[in-house]
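The values are calculated or read from the model by the stated rules, or taken from the named source; none is laboratory data. Not measured: the values here are computed from a predicted model. Methodologically, a virtual Cβ is constructed for each residue, glycine included, from the backbone with ideal geometry; neighbour enumeration extends over all protein chains shown. Surface areas here come from the heavy atoms of the whole protein model, side chains and all, with no ligands, DNA or RNA. Shrake-Rupley method; radii C 1.70, N 1.55, O 1.52, S 1.80 Å.
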Amino acid sequence: MNVGASRQFRPQRAILFDLDGTLIDSAPDITAAVNELLAGRDLAPLRVDQVKAMIGGGVTKLVERAFAASGSPLSGSALEEANRDMAPIYRRHLTGLTRLMPGVREVLTHFHLNGTAMGVVTNKPQLATREILLHFHLTEYLGAIVGGDAVTQLKPAPDTLLLALDQLGVEPTDTLMVGDSSSDVGAARAAGMPVILLRGGYTQVPVEEIGADLVCDSLLDLPSAMQKLGAAA
């Protein structure tokens, strides 16, 4: 667990979590959806590790990256058509192969019992996000659930974070962002809040190089990490 030395913190009243690669390992389901879309156009399937590298930026960006990786890049109306075809396919592959990341339920229970407000902020569509959280019985812990289609700009823009803060009734300086990628860091910085990244998520850049205030091995480290941030205030 590495702590940045130069930034000053104050104790957090709320935590915002990214979803894919942070609370859930959804790469197998997302791969299944991508490969179903590609098969409909007689393209070869992609591996999970290939698709994992494409996650981040929303479904539209995922589709664009998948066709590019398949050697059949799309743009304009062709990309729009592929995105329309992807929508129902994506909804069929939300929870079949997806699993919780280690420590999720224990950590959410811990902070819930301590009275910490929590929310999820993701570039995944709102309905899909809610369906996944309901499937894993996590909604009871969350005071805000904000998907990418609920705002104008996706992360790394701060829109999802700011909407969640409004729903929770807390200020950015009282809130911690927890994620796994550079888009989470960018969104947190733009919103004016500290950010922790977790190892083992969906990023092609080493998490130590992304610029988070702190890096943890897993969510189970989060309570002690919060204490370190508070001690640095």
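Do any helices (runs of 4 or more DSSP H) lying entirely in the range 98-205 carry at least 2 residues that are of a type in the set (Gly, Ala, Ser) and either surrounded by fewer than 20 Cβ atoms within 10 Å (Cβ to Cβ) or touching a Cys at 6+ places or on another chain (Cβ under 7 Å) (or both), and which ones are they?
Ranges flagged: 182-191.
Restricting attention to the range 46-59, does a residue exist that is among the small types (Gly, Ala, Ser) and at pLDDT 95 or above?
Within the range 46-59, none of the residues are among the small types (Gly, Ala, Ser) and at pLDDT 95 or above.
Select from the range 60-73 the residues that are open to solvent by 30 Å² or more (accessible area, probe 1.4 Å) and either under 25 Å from the mean Cα position of the chain (by Cα) or small (Gly, Ala, Ser) (or both) and list them in ascending order.
If the condition is that a residue be open to solvent by 30 Å² or more (accessible area, probe 1.4 Å) and either under 25 Å from the mean Cα position of the chain (by Cα) or small (Gly, Ala, Ser) (or both), then 60, 61, 64, 65, 68, 69, 70, 71, 72 are the ones that fit.
Consider only pairs whose beta carbons are under 6 Å apart and that are at least six residues apart or on different chains; among these, list those whose first residue lies in the range 6-20 and is under 18 Å from residue 198 (Cα atoms) and modelled with pLDDT of 95 or more and whose second residue is among the basic types (Lys, Arg) and assigned to a loop (DSSP other than H, G, I, E, B).
Going by the 6 Å Cβ cut-off, the qualifying pairs are 19/124.
Based on what the data block shows, is residue 151 touching a Phe, Trp or Tyr at 6+ places or on another chain (Cβ under 8 Å) and within 18 Å of residue 186 (Cβ to Cβ)?
Answer is no for this residue.
Filter the range 74-97 down to residues that are open to solvent by less than 30 Å² (accessible area, probe 1.4 Å) and in contact (Cβ under 8 Å) with a residue 40 or more places away in the chain and give me whichever is farthest from residue 30 (Cα to Cα).
Among those that are open to solvent by less than 30 Å² (accessible area, probe 1.4 Å) and in contact (Cβ under 8 Å) with a residue 40 or more places away in the chain, it is 82.
Which of the residues spanning the range 195-209 are touching a Leu at 6+ places or on another chain (Cβ under 9 Å) and either under 19 Å from residue 49 (Cα atoms) or modelled with pLDDT of 95 or more (or both)?
195, 196, 197, 198, 203, 207
Are any residues in the range 13-37 part of a strand (DSSP E or B) and open to solvent by 10 Å² or more (accessible area, probe 1.4 Å), and if so, which ones?
Scanning the range 13-37 gives 20, 25.
Would you say residue 226 is of a type outside the set (Phe, Trp, Tyr), part of a helix (DSSP H, G or I) and in contact with a strand residue (DSSP E or B) (Cβ under 9 Å, 6 or more places away or on another chain)?
Considered against the rule, which asks whether it is of a type outside the set (Phe, Trp, Tyr), part of a helix (DSSP H, G or I) and in contact with a strand residue (DSSP E or B) (Cβ under 9 Å, 6 or more places away or on another chain), residue 226 comes out as yes.
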